Amino acid sequence: MKIAKIVSSNSHIDYVGRVIDSLDVSEPPSADDFGFAQFVRLPVDETAEIIGVIYDSILVNPEYSNFGPRLSPKPELGSFSPDYLNEQGVLIGILLLGSKDENGKILHGVPRRVVPAGQDVFKIEASEVKRFHSDERDCLQIHYYSQIVAHAGLFAAPLLEAIIEELSLDCSDQDRQRLGVLKQTLLWQRTMSGMRL
């Protein structure tokens, strides 16, 4: 399901997408489709795609500072001013985590390709999330851990915790234990950083 279009970037792996709305499509995505820690894919050509995760959101509301008098109520603006557009929207921060090449090989880390403006962003379903996190031996892998810690700022720990929770739902007992250790490490780090403040 298409949920957004890329509009800008903050760095090579930190992109901003604008969530599509009723002006773009007849059935826009629901709020659950572009929530925190939702995995997404950005197809770069017919065979390869870049995988990312939503880690931030920003509301855009240009009317907030428009305190001038209105000649007509908002519902009637469409009739009296057909060129009037509702410019409110939602921007999402997307952190790129890796890629899938034309042979289906999964690579965690910084993708080599630059994502162009206007690139479509699609929601990834749970089965694709599991495949992205499985190596050749079907063992769990999260090689982008340091990438999230370095680039997600204050959202790094909550994002990693949300990813761990999602991956824990459908994995082996051995992988669940590994995820439990990782979650405890995150909790310890949060506790220790809170004590320094």
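Does at least one position in segment 65-83 carry a residue that is closer than 30 Å to Ile148 by Cβ, at pLDDT below 90 and surrounded by 12 or more Cβ atoms within 10 Å (Cβ to Cβ)? Step through it out loud before you land on a result.
Keep residues of segment 65-83 that are closer than 30 Å to Ile148 by Cβ, which gives none.
The answer is no; no qualifying residue exists.
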| said: Anything in segment 135-184 that is acidic (Asp, Glu) and either outside any helix (DSSP H, G or I) or touching a His at 6+ places or on another chain (Cβ under 7 Å) (or both)? List them, or say none. | reply: Asp135, Glu136, Asp138, Asp170
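So that you can scan it fast, the table gives a plain yes or no per residue for (1) hydroxyl-bearing (Ser, Thr, Tyr); (2) within 25 Å of Gly35 (Cβ to Cβ); (3) part of a loop (DSSP other than H, G, I, E, B); (4) modelled with pLDDT under 90:
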{"position": "Pro111", "(1), (2), (3), (4)": "no, yes, yes, no"}
{"position": "Val121", "(1), (2), (3), (4)": "no, yes, no, no"}
{"position": "Val129", "(1), (2), (3), (4)": "no, yes, no, no"}
{"position": "Leu187", "(1), (2), (3), (4)": "no, yes, no, yes"}
{"position": "Thr191", "(1), (2), (3), (4)": "yes, no, no, yes"}
{"position": "Gly194", "(1), (2), (3), (4)": "no, no, no, yes"}
| Residue in segment 19-26 that is surrounded by 12 or more Cβ atoms within 10 Å (Cβ to Cβ) and closer than 19 Å to Leu97 by Cα present | no
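It is to be established whether one or more residues within segment 30-38 are surrounded by 12 or more Cβ atoms within 10 Å (Cβ to Cβ), at pLDDT 90 or above, assigned to a loop (DSSP other than H, G, I, E, B) and at positive phi. Lay out the reasoning, then the answer.
Residues of segment 30-38 surrounded by 12 or more Cβ atoms within 10 Å (Cβ to Cβ): 33-38.
Remaining after also requiring at pLDDT 90 or above: 33-38.
Of the ones still in play, those that are also assigned to a loop (DSSP other than H, G, I, E, B) are 35-38.
Among the residues that remain, those that are also at positive phi are: 37.
Yes, segment 30-38 contains at least one residue that is surrounded by 12 or more Cβ atoms within 10 Å (Cβ to Cβ), at pLDDT 90 or above, assigned to a loop (DSSP other than H, G, I, E, B) and at positive phi.
For segment 183-192, indicate whether the set of residues that are more than 30 Å from Asp45 (Cβ to Cβ) and among the basic types (Lys, Arg) is non-empty. If you could, list the steps in order and put the result at the bottom.
Of all residues in segment 183-192, those more than 30 Å from Asp45 (Cβ to Cβ) come to 183-192.
Okay, now just the ones that are also among the basic types (Lys, Arg), so 183, 190.
Scanning segment 183-192 turns up at least one residue that is more than 30 Å from Asp45 (Cβ to Cβ) and among the basic types (Lys, Arg).
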| Just for segment 39-54: of the residues that are in a strand (DSSP E or B) and among the aliphatic types (A, V, I, L, M), which one is nearest to the chain's Cα centre (by Cα)? | Ile54
| note | In segment 152-190, anything over 24 Å from the mean Cα position of the chain (by Cα) and of a type in the set (A, V, I, L, M) is listed as Val181
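The values are calculated or read from the model by the stated rules, or taken from the named source; none is laboratory data. What you are looking at is a predicted structure, and each value in this text was computed from that prediction instead of being measured. Cβ coordinates were reconstructed from backbone atoms using ideal geometry, including for glycine residues, and neighbour counts include every protein chain displayed.
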